[in-house]
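Values quoted throughout were computed directly from the atomic coordinates according to the rules given, and no laboratory measurement underlies them. What you see is a predicted model, and the numbers here were worked out from it, not measured in a lab. Note that each Cβ is placed from the backbone with ideal geometry, even for glycine, and that neighbours are counted across all protein chains shown.
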Amino acid sequence: MSDYRVLLTEEEIPRYWYNIQADMPNLPPPPLHPGTGQPVGPQDLAAIFPTELIRQEMSRERWIEIPEEVREIYRLWRPTPLHRAFRLEKALNTPARIYYKYEGTSPAGSHKLNTAAAQAYYNKKEGVRRLTTETGAGQWGSALAMACRFFGLDCTVYMVKVSYYQKPYRRVLMETFGAEVLPSPSERTAAGRRILEEHPDSPGSLGIAISEAVEDAATHGDTNYSLGSVLNHVLLHQTVVGLEAKAQMEKVDAYPDVVVGCVGGGSNYAGLAFPFVHDRLVNGTRTRFVAVEPTACPTLTRGKLAYDHGDVAGLTPLLYMYTLGKDFVPPGIHAGGLRYHGDAPLLCQLVYDGIVEPVACNQRPVFEAAALFARTEGIVPAPEAAHAVRAVIDEALRCREAGEARTILFNLSGHGYLDLAAYDAYLQGKLEDYPLPEEELQASLGRLPRVPGAAS
Ligand SMILES: *Cc1c(COP(=O)(O)O)cnc(C)c1O
């Protein structure tokens, strides 16, 4: 079988998600209640999440069945193709074999619909009428808006204000699916009004938008909140990506030496990598795992492993994760989906345990890599996914130096056709790199919450 484009049949859409909590040698310390500092229990989360997602969040079962109603939505675009990047390999003159799993074929344009569909389904099943969420660049908002429409739920999206005005097409997409989209900070919530009083011109941030969406859900009985990354259940839902990739590589007798992906909150990377991390933890395979982030928001490479809030107002539980501090406002790089101060606790634990290696890339070389990818493979990567492309090309060039034919697998988490303004800036030479100054980082880390009894 040729490995240009390895396809699976509809029947081969996975029937179970893989829960890495069953196999990790060390689990991260539990989330803490923001008021009491005690570990959160299911009842603390019940105000904003459905029971089944809370159960998945805490589950240590290895395989969790995918409901047929969710698989039916997956059939709209899954299984996604696995491509061999022959033309990129040739352009780099590398002996490396480069494979990518392309999640941009989803109707929302990224991997995010994998969890949006599951979250909308469980909420509908438990009688919820409306979901709230935040969105930065708009990818998560459009995925959730679409999933809510499929399951007959209303959807309110707090969109970071600067993106709301800079990226009108994502807003229009969300509104087309019937969602209400508000620029955040907004007058709708106490958290938003407080920020607007102090900073009437605030451009907003993901941390602020999360505060608004959580407050909206917590203060309305028929409304829940939905998060597009970071939490255990979100990473769980994304494992369909890696499970399919594994089956596809088997079909062409290949297995990755290196698995690469970009990291905003960690979900697309975990989705691809965790089924292969399983093999390393359980069967002792030697695969390397490389997680790529922007130098402008270097959570895994320079952040501190500590308890921190997920939002600015401090409404969310404290998560034990690498963090830059909850009020850290990253510079306006074009990979909006990678501008988050924290990362998924499960991924952070694997970094801490030396199983996943983090690297950081500047945005100019990232776009240079993305342009080469577009010119050889014909797909314009999302600016987030372009970070993975950069690291893959660097690895392939090292293979050329060493004369080693390593097999590289990466997640092309989404397409960039609604991010062409970023490519325009790149092509006009207007992109800037933003190395984060050490003083700024230390100042932000100095404001981390003090947690009674925590070892940080
Ligand atoms: C949101 C997004 C990301 C970053 O989020 P993760 O949870 O780290 O996956 C990466 N790529 C694309 C295309 C996205 O939309």
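Which value, to two decimals, describes the C-alpha radius of gyration of the stretch 348-387 once divided by 2.2 N^0.38 Å?
Values: Rg = 13.3 Å, N = 40, 2.2 N^0.38 = 8.9 Å.
It is 1.49.
What does the charge count near R78 come to, summing +1 for each Lys or Arg and -1 for each Asp or Glu among other residues with Cβ under 10 Å from its Cβ?
Numbers: positive: R71, R75; negative: E10, E12, E103, E244.
Counting the neighbours of R78, the net charge comes to -2.
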>> I need to check one value: relative contact order of the stretch 70-157, counting alpha carbon pairs closer than 8 Å and at least 6 residues apart, in percent.
In response: 25
> For M321, what charge total do you get from the other residues with a beta carbon under 15 Å from its beta carbon, if Lys and Arg give +1 and Asp and Glu give -1?
Replying inline: -3
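So if a site counts as exposed when it's one of the GluC sites (Glu not before Pro), its DSSP state isn't H, G, I, E or B, and it has at most 16 other Cβ atoms within 10 Å, what's the longest stretch of the chain without one? Don't jump to the answer; show the numbers that get you there.
Details: sites that count: E61, E126, E187, E404, E432.
Longest site-free region, per DSSP loop and neighbour criteria: 188-403.
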>> Could you work out the pair-distance distribution P(r) of the chain from its alpha-carbon pairs, with 20 angstrom bin width and percents rounded to whole numbers?
In response: 27, 62, 11, 0
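Would you mind counting up the charge near D311? Only other residues with Cβ under 11 Å from its Cβ, with Lys and Arg at +1 and Asp and Glu at -1. Don't skip to the answer; put the middle values down first.
Values: positive: K326; negative: E134, E212, E215, D308, D327.
Value of the local net charge: -4.
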>> Compute the helix-to-body angle for 206-218: its Cα long axis versus the longest principal axis of the chain, expressed 0 to 90° and rounded to tens.
In response: 50
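How high is the FRET efficiency between H199 and T51 when r is their beta carbon distance and R₀ equals 35 Å, given to the nearest 0.05? Don't jump to the answer; show the numbers that get you there.
Values: r = 38 Å, r/R0 = 1.08.
That gives a FRET efficiency of 0.40.
Which whole-number percent gives the relative contact order of the chain, counting Cα pairs below 8 Å spaced six or more residues apart?
On the way: 997 pairs, mean separation 88.4, N = 456.
For the chain, the relative contact order is 19 percent.
Using just the helices of the chain, give the 222 nm mean residue ellipticity in deg cm²/dmol: DSSP H runs with n ≥ 4 each add -39,500 (n - 2.57), and the total is spread over all residues, rounded to 500. Don't skip to the answer; put the middle values down first.
Numbers: 18 runs with 189 residues, N = 456.
Calculated at 222 nm, the ellipticity per residue is -12500 deg cm²/dmol.
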>> So the label point goes 7 Å from the Cα of E357 along Cα→C-beta, right? Which residues of the stretch 396-416 then have their backbone N under 19 Å from it?
In response: 396-411
>> Can you list, by residue number, the Cys in the chain that have no neighbouring cysteine C-beta under 4.7 Å?
In response: C262, C297, C348, C361, C399
> Helix 139-151 versus the longest principal axis of the chain: what angle, 0 to 90°, nearest 10, using Cα atoms?
Replying inline: 80
>> Under a crude label model (7 Å from the Cα following the beta-carbon direction), how far is H33 from D222 in nanometres?
In response: 2.9
> Considering only DSSP beta bridges whose two residues both sit in the chain, what percent are antiparallel, to the nearest 5?
Replying inline: 35
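Give me the dipole magnitude in Debye, nearest 20, for the chain about the Cα centre, with unit charges on the beta carbon: positive for Lys and Arg, negative for Asp and Glu.
Values: 44 positive and 54 negative charges, 122 e Å.
Dipole of the chain, to the nearest 20 debye: 580 debye.
Arrange the following residues from fewest to most other Cβ atoms within 10 Å of their Cβ: S59, S205, S226. Intermediate values should be presented prior to the final figure.
Numbers: S59 15, S205 27, S226 30.
Sorted ascending by nearby Cβ count, the order is S59, S205, S226.
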>> Assuming a strict under-24 Å limit between Cα atoms, what lysine pair count do you get for the chain once near-sequence pairs (fewer than 8 apart, same chain) are dropped?
In response: 15
> Label points 7 Å out from Cα along the Cβ direction at N283 and T9: separation in nm?
Replying inline: 2.4
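Expressed in whole Å with the largest first, what are the equivalent ellipsoid semi-axes of the stretch 74-149 derived from the C-alpha gyration tensor as the square root of 5 times each eigenvalue?
Working: eigenvalues 237, 33, 13 Å².
Semi-axes from the Cα gyration tensor: 34, 13, 8 Å.
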>> Over the Cα atoms of the stretch 339-413, what radius of gyration and what Dmax do you get, in Å?
In response: 13.9, 38
> When the C-alpha atoms of the stretch 366-456 are aligned to their principal axes, what extent does each axis show, in angstrom, from largest down?
Replying inline: 53, 36, 23
